[in-house]
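K.L.:
Take this structure, written in structure tokens, and hold onto it; I'll ask about it next.
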Amino acid sequence: MDILLAFIVGGVLGIAAHYLAPHRPTRGTVLGPVVGAVVGGAVWLAFTWAGATTADPWIWLVSFVAPLAVTWPSLALLGRRRVAHDAQERIRLKIA
């Protein structure tokens, strides 16, 4: 049941990353929370498979830091690539 905390915190950090990352209008609103939740849950799952328990502070620390460390750069990169792609498409289609 503790994995739910990793999913919830990952989703909340994904929301924060959505608002912190540049080019917010170029991506969906749900992308950040979903990526954060998946990363948080995956990290928790990997730590439990490695034998960590809820008494171990590393499982908590990494499960709460990894979603922000992965989600924000991913969203920033995605936004940058989307802006560049849109600019190329405007040139290709001869749109001002």
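The values are calculated or read from the model by the stated rules, or taken from the named source; none is laboratory data. Keep in mind that what you see is a predicted model, and the values were worked out from it rather than measured. Here the Cβ positions follow ideal geometry from the backbone for every residue, glycine too, while neighbour counts run over all protein chains shown.
K.L.:
Looking at the range 74-85, can you tell me whether even one residue there is farther than 30 Å from Ile95 by Cα and of a type outside the set (A, V, I, L, M, F, W, C)?
P.N.:
For the range 74-85, residues farther than 30 Å from Ile95 by Cα and of a type outside the set (A, V, I, L, M, F, W, C): absent.
K.L.:
When Ala52 is evaluated against the numbered criteria (1) surrounded by 14 or more Cβ atoms within 10 Å (Cβ to Cβ); (2) part of a helix (DSSP H, G or I), which criterion, by number, is the only one it fails?
P.N.:
(2)
K.L.:
Report whether or not Ala6 is free of Cβ contacts under 8 Å to residues at least 12 places away in the same chain, assigned to a helix (DSSP H, G or I) and among the small types (Gly, Ala, Ser). I'd like the intermediate steps shown before the answer.
P.N.:
Working: free of Cβ contacts under 8 Å to residues at least 12 places away in the same chain: no; assigned to a helix (DSSP H, G or I): yes; among the small types (Gly, Ala, Ser): yes.
No; evaluated as a whole, the condition is false for this residue.
K.L.:
Would you say Val39 is at pLDDT 95 or above and closer than 15 Å to Ile15 by Cα?
P.N.:
For Val39, the condition - at pLDDT 95 or above and closer than 15 Å to Ile15 by Cα - is met.
K.L.:
Tell me yes or no: at least one residue of the range 12-33 is over 27 Å from Asp86 (Cβ atoms) and not charged (D, E, K, R).
P.N.:
Yes, there is a match, as at least one residue in the range 12-33 is over 27 Å from Asp86 (Cβ atoms) and not charged (D, E, K, R).
K.L.:
Shifting gears a bit: Which residues, taken from the range 33-66, are touching a Gly at 6+ places or on another chain (Cβ under 8 Å) and aromatic (Phe, Trp, Tyr)?
P.N.:
If the condition is that a residue be touching a Gly at 6+ places or on another chain (Cβ under 8 Å) and aromatic (Phe, Trp, Tyr), then Phe64 is the only one that fits.
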